[in-house]
Amino acid sequence: MTTPIVAIVGRPNVGKSTLFNRLAGEPLAIVDDTAGTTRDRLFSETIWNGVRFQIIDTGGIDPSEGGKTPLSIASADYISEIRDQALLAVEEADAVIFVTDAAEGITPADQEVADLLRKSQKMRTGVHFPPIHLAVNKAENATLRASAMEFYALGIGEPIPISAIHGTGTGDLLDVVVASFLPDESQEEDDSIKIAIVGKPNVGKSSLLNDLAGEKRAIVSPIAGTTRDAIDTRIVFDDVPITLIDTAGIRRKGKIDRGVEKYSVIRSMRAIERCDVALLLIDASQDISTQDIHIAGYILEKWKSTVVIVNKWDLVEKDTYTMEAYTNQIRTLLNFMDYVPIIFISALTGQRVDKVLPLALQVQEERMVHISTGKLNRILMNAQDMHSPSSKTGRLLRIYYGTQVRADPPTFMLYANDPELLHFTYQRFIENQIRLTYPFSGTPIRFVVKKRT
């Protein structure tokens with residue numbers, strides 16, 4: 001059985017993302033006074049009264065048509081796509097929270113959203129349609145809480161006055177939401193493999209997500225910076241549950257605009273922190289940039305496994321040696337992670353996209369490999385016999401023995417006569433000797449050295 005899903009919908013700028021952050025317990029969604037800040041669906045998991053469920057933040061459903069000024073000022077070019085994303089969230093949901101604004105009262109836009117939800121409900125005759133819970137937000141005082149009763153006129157049900165920013169009334173709202181789940185829904189831990197799609201802006205991350213998910217899951221646009229939030233998509237591939245995380249493009253520090261884009265980049269960094277495998281997308285039609293290298297360095301800093309994906313390969317004029325030359329260039333510039341596999345694809349044409357997930361899952365398997373202490377020590381002894389460490393002080397390093405203390409990532413405890421004698425170059429030699437037998441493809445290896453007399 002699946003974890004229940006709750007979709008948060010409404011017109012722009014009524015506080016949906018603030019409510020999402022309140023329910024998630026952390027600032028995952030970008031909150032800004034500019035209407036239309038949230039464009040894609042954004043997922044998080046939370047728990048209330050012992051019931052675990054997912055919440056989805058959506059972009060504001062903008063009803064403007066025919067030359068009217070759009071409410072979504074910050075996303076005026078994406079109104080229809082945002083509406084499609086919100087309605088898709090409703091289709092996936094087990095419950096819907098319809099957010100309105102107590103301070104502004106019922107607006108024509110609220111009425112249109114209510115009509116849209118009712119229309120969707122009628123179109124699903126015979127199929128469970130998620131119950132709609134009407135949250136009247138920004139009810140910060142007694143007067144506004146009392147005025148929430150006027151929202152009965154929307155014909156959605158009982159209005160629940162809340163203040164997402166202060167948390168007032170959100171517990172009452174969650175009580176009602178959780179009680180509305182179908183009784184056969186069961187709770188289960190998220191044991192899916194987390195795969196984050198990262199890279200600079202406009203390298204094709206959202207296009208790749210849509211190809212892998214098999215649906216139009218994220219808004220795709222040639223304009224850099226369209227995706228602002230890190231978006232989670234659950235799929236099952238070869239009976240393996242996977243969470244795909246699409247992220248905003250990560251620009252150089254000096255190129256990041258203050259405000260919304262700054263927080264988008266922060267969330268992309270957080271997406272890397274919570275993933276198991278990072279798919280680092282590089283644009284084949286451009287030279288590998290310093291920023292590509294910086295992103296790779298950040299992935300390594302967080303000890304995440306990596307697959308380098310060279311996208312837009314269809315745009316490159318090729319001969320027999322083009323792929324080999326490009327691979328050598330990547331190996332040279334990313335020499336600090338020479339263990340990562342490289343795959344050349346075109347998200348636009350679908351070329352080799354079917355090989356991406358099998359490769360990512362293979363890398364995840366390598367990440368979980370555990371070497372027995374006996375086999376590890378044979379590798380360590382043979383390495384020292386083959387090449388003794390050099391010394392400038394006259395004292396020689398001696399590694400007595402080692403053991404793998406954890407996987408995810410593979411971490412080895414080495415016991416030596418003096419940890420300060422282990423030079424970085426010799427540590428790389430030891431790592432390479434281990435990888436000859438256990439490749440740990442795409443996965444960094446971490447060493448912890450302790451002194452033993």
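The values are calculated or read from the model by the stated rules, or taken from the named source; none is laboratory data. What you see is a predicted model, and the numbers here were worked out from it, not measured in a lab. We place every Cβ from the backbone using ideal geometry, glycine too, and count neighbours over all the protein chains shown. For the accessible areas, the whole protein counts, side chains as well, though only heavy atoms, and no ligand, DNA or RNA atoms are used. Shrake-Rupley method; radii C 1.70, N 1.55, O 1.52, S 1.80 Å.
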Problem - Simple label model, 7 Å out from Cα along Cβ direction - THR437 to GLU158, nm - result: 6.7
Practice task
Taking 7 Å along the Cα-to-C-beta vector as the label spot, tell me the HIS294-PHE336 distance in nanometres, rounded to one decimal.
Solution key: 1.3
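If you place +1 on the Cβ of every Lys and Arg and -1 on the Cβ of every Asp and Glu, how big does the dipole about the Cα centre of segment 311-378 come out, in debye to the nearest 20?
Numbers: 8 positive and 8 negative charges, 64 e Å.
Charge dipole of segment 311-378: 300 debye, to the nearest 20.
Nearest 0.05, what FRET efficiency do TRP303 and THR168 give at R0 = 51 Å with Cβ-Cβ as r?
On the way: r = 41 Å, r/R0 = 0.80.
Using R0 = 51 Å, I get an efficiency of 0.80.
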Exercise for the section: May I ask you to compute the full-extension gain from ARG406 to ASP239, defined as 0.36 nm times their residue separation minus their alpha-carbon distance, rounded to one decimal in nm? Expected result: 57.5 nm
Practice task
Mind giving me the nanometre distance, one decimal, between the label points for ILE47 and SER192, set 7 Å out from Cα along Cα→Cβ?
Solution key: 1.9
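Go ahead and run the numbers for FRET between MET381 and SER120, Cβ-Cβ distance against an R0 of 60 Å, rounding to 0.05.
Working: r = 67 Å, r/R0 = 1.12.
Once rounded, the FRET efficiency stands at 0.35.
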Problem - Share of pairwise Cα separations in segment 369-453, more than 20 Å, in percent - result: 27
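Provide the packing ranking of 293-305, 191-203, 363-375, i.e. peptides ordered by the mean count of other C-beta atoms within 10 Å per residue, highest first.
191-203, 293-305, 363-375
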Handout entry: Sum of side-chain charges, TYR438 neighbourhood, beta-carbon under 9 Å (Lys, Arg +1; Asp, Glu -1)
Key = +1
Handout entry: Violating pairs (Cα-Cα greater than 18 angstrom) within the set LYS200/LYS312; LYS200/LYS355; LYS302/LYS375; LYS16/LYS138; LYS312/LYS355
Key = LYS200/LYS355; LYS302/LYS375
Fill in the blank from the handout: With the 1.4 Å probe rolled over protein heavy atoms, segment 368-430 has an accessible area per residue in Å² of 56
Handout entry: Stretch gain in nm, segment ALA213-ARG395, where the contour uses 0.36 nm per residue and the Cα spacing is subtracted
Key = 59.9 nm
Exercise for the section: Starting from the amide H of VAL449, placed 1.01 Å from N in the peptide plane, find each other amide H under 5 Å away whose residue is 5 or more places distant or on another chain. Expected result: LEU414
Fill in the blank from the handout: Checked against the positive end of the charge dipole of segment 395-438 (+1 on Cβ of Lys and Arg, -1 on Cβ of Asp and Glu, about the Cα centre), the farthest of PRO419, VAL405, LEU436 is LEU436
